[in-house]
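Engineer: Starting off with a structure, shown below.
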Amino acid sequence: MPGLDFLRRKPSNSAAEAVPPAGGHARAGLIGNITALGFLQISAYVLPLAIAAYTTRVLGVADWGHVALTQMVLSFFCLVVSWGFSWSATRKIAAIGDDPHEVSRVAIATIAGQVILAGLMGALLLVLIETVPFFADAAPFYAWGLVVIAGTALFPNWLLQGLERMKAFSAIQIGGRILTLVLIILLVHAPDDAPLIIAIQGTVSLVAGFVSVWLLHRDGILIWSRPSARDIFEEIKEGSAIFLSTTAIGIYVNLTPVILGFLAGPVAVGQFALADRIRQAAQSVLQPVSTALFPRISRLVASDPRSAAPLLKISGIGLVVISTGITGALWVLAPQFVVLIGGQQFAAAAEVLRWLAFLPVVMSFSTFLGLQILLPNKRTKAFNTILVSGGILSLVIIAPLIKTFGPEGAAMTLLIVEGFVSLSMVIYVLKTGYFRGHWHTGLAAASA
């Protein structure tokens with residue numbers, strides 16, 4: 001397949017190659033990964049915005065809100081399937097380096113763990129559809145959720161991030177998202193077609209997962225061997241610590257629109273979901289930097305901690321500066337963005353977007369401190385404690401704010417919780433003395 005040759009594993013002839021190469025070659029590789037992830041991340045939100053621009057006009061506010069609510073509920077099932085592998089497996093594979101057999105052992109055990117979790121979540125979803133009215137009333141939507149769950153289990157994004165080889169797989173995902181948009185335009189023409197949106201998204205995701213695994217095997221990156229129960233359990237156990245933090249994030253990110261739906265109805269969910277997708281699309285330019293740097297910094301921390309400092313400084317300053325510009329643009333242009341994507345029927349969502357507009361700059365601090373300092377330095381306990389505390393805070397304030405302010409209250413909840421998380425990480429890292437003297441010594445001497 002043209003354009004995929006660079007996925008083939010490069011032979012390693014010396015121990016020195018276990019350390020990332022210095023100089024222009026390393027920088028070029030990192031920039032290439034960031035660029036590929038940039039296109040991938042932008043497509044993850046820009047293409048859904050294109051889908052939203054079409055489906056909001058076809059379905060209307062209430063029916064589109066129902067689709068958004070279904071997607072949010074299914075995200076909890078996918079959260080369990082993803083476990084903490086996006087960070088634990090990525091970090092582990094990055095540290096392994098260029099040992100193909102060890103990489104394959106970890107990767108196959110991780111995939112097997114995800115398949116097991118997907119089976120459990122699929123069985124749970126079937127039981128809920130049969131026994132709980134909330135799910136039974138929307139059975140045409142949630143039945144297709146089984147395919148969404150399967151697709152989540154198969155796509156090995158964590159493996160390619162750990163190996164820092166994302167270009168071809170970015171192309172696969174972007175192609176899948178374009179195909180999703182085309183199929184929705186061809187097949188969804190009325191409110192009764194709404195379940196097809198979930199069906200199309202799930203099917204395309206599943207196919208992309210199969211193609212990705214096949215390419216990994218074909219190019220010698222994934223060497224098949226029967227995973228042992230011990231290896232599977234080990235990967236699940238290592239991911240469990242990160243799973244606590246991702247669950248905490250899921251509580252205040254994904255649970256917010258779900259509770260909004262219960263308390264205020266699908267119209268409020270539709271307004272909030274549109275505003276949040278616009279915010280995520282704008283903020284998506286930041287994610288590739290952290291995603292590409294995480295495996296590189298994890299490897300440097302393990303092999304040459306001093307050399308991580310320049311990357312951290314550039315990344316930290318860049319994240320704050322760019323996110324400040326994004327926040328300003330979203331706040332000023334909120335009415336225009338909302339009407340452009342959703343039409344005049346979503347005009348009320350502009351005020352929701354203005355509250356959400358502050359999230360990019362607030363979250364830049366937690367992104368930098370959490371994903372580029374705490375996790376690479378294995379400060380998982382502190383990371384989890386802060387995020388779980390944020391999840392608990394959201395449970396306390398979410399209902400009163402939604403009852404008082406509606407969808408704007410949901411946006412306020414996210415802003416307050418993200419502010420708490422970022423401030424807590426700033427305080428923790430400053431207390432450790434990480435920024436005094438050498439960048440790498442502070443956390444090593446600090447207690448969890």
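The values are calculated or read from the model by the stated rules, or taken from the named source; none is laboratory data. Model, not experiment: these values are computed from the prediction. Cβ atoms come from the backbone with ideal geometry, glycine included; neighbour counts cover every protein chain shown.
Engineer: Does at least one position in the stretch 334-348 carry a residue that is at pLDDT below 90 and part of a helix (DSSP H, G or I)?
Structural biologist: Looking through the stretch 334-348, none of the residues is at pLDDT below 90 and part of a helix (DSSP H, G or I).
Engineer: Go through the stretch 396-408 and give me each residue that's part of a helix (DSSP H, G or I) and either touching a residue at least 24 places away in the same chain (Cβ under 8 Å) or among the aromatic types (Phe, Trp, Tyr) (or both).
Structural biologist: Ile398, Ala399, Ile402, Lys403, Phe405, Pro407, Glu408, listed by residue number.
Engineer: Filter the stretch 346-369 down to the residues that are crowded, with 23+ Cβ neighbours inside 10 Å and among the small types (Gly, Ala, Ser) and list them by number.
Structural biologist: Scanning the stretch 346-369 gives Ala349, Ala357, Ser364, Ser366.
Engineer: Restricting the search to the stretch 186-210, which residues are under 19 Å from Arg57 (Cβ atoms) and either of a type in the set (Phe, Trp, Tyr) or within 21 Å of the chain's Cα centre (by Cα) (or both)?
Structural biologist: Selection gives Ile197, Ile198, Ile200, Gln201.
Engineer: Restricting attention to the stretch 18-71, report how many residues are modelled with pLDDT of 65 or more and over 21 Å from Asn157 (Cα atoms).
Structural biologist: Summing the residues that are modelled with pLDDT of 65 or more and over 21 Å from Asn157 (Cα atoms) in the stretch 18-71 gives 22.
Engineer: Another question, then. Count, please, the residues in the stretch 297-315 that happen to be closer than 17 Å to Lys378 by Cβ and either modelled with pLDDT of 75 or more or assigned to a helix (DSSP H, G or I) (or both).
Structural biologist: 10
Engineer: Let me ask something else about it. Which residues, counting only those in the stretch 141-162, are surrounded by 21 or more Cβ atoms within 10 Å (Cβ to Cβ) and out of contact with any Ser or Thr (no Cβ under 9 Å at 6 or more places or on another chain)?
Structural biologist: Result: Ile149, single match.
This table checks each residue for (1) small (Gly, Ala, Ser); (2) under 26 Å from Arg230 (Cβ atoms); (3) without any contact (Cβ under 8 Å) to a residue 24 or more places away in the chain; (4) outside any loop (DSSP other than H, G, I, E, B).
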position: Ser75; (1), (2), (3), (4): yes, no, no, yes
position: Ile93; (1), (2), (3), (4): no, yes, no, yes
position: Ala109; (1), (2), (3), (4): yes, yes, no, yes
position: Gly122; (1), (2), (3), (4): yes, yes, no, yes
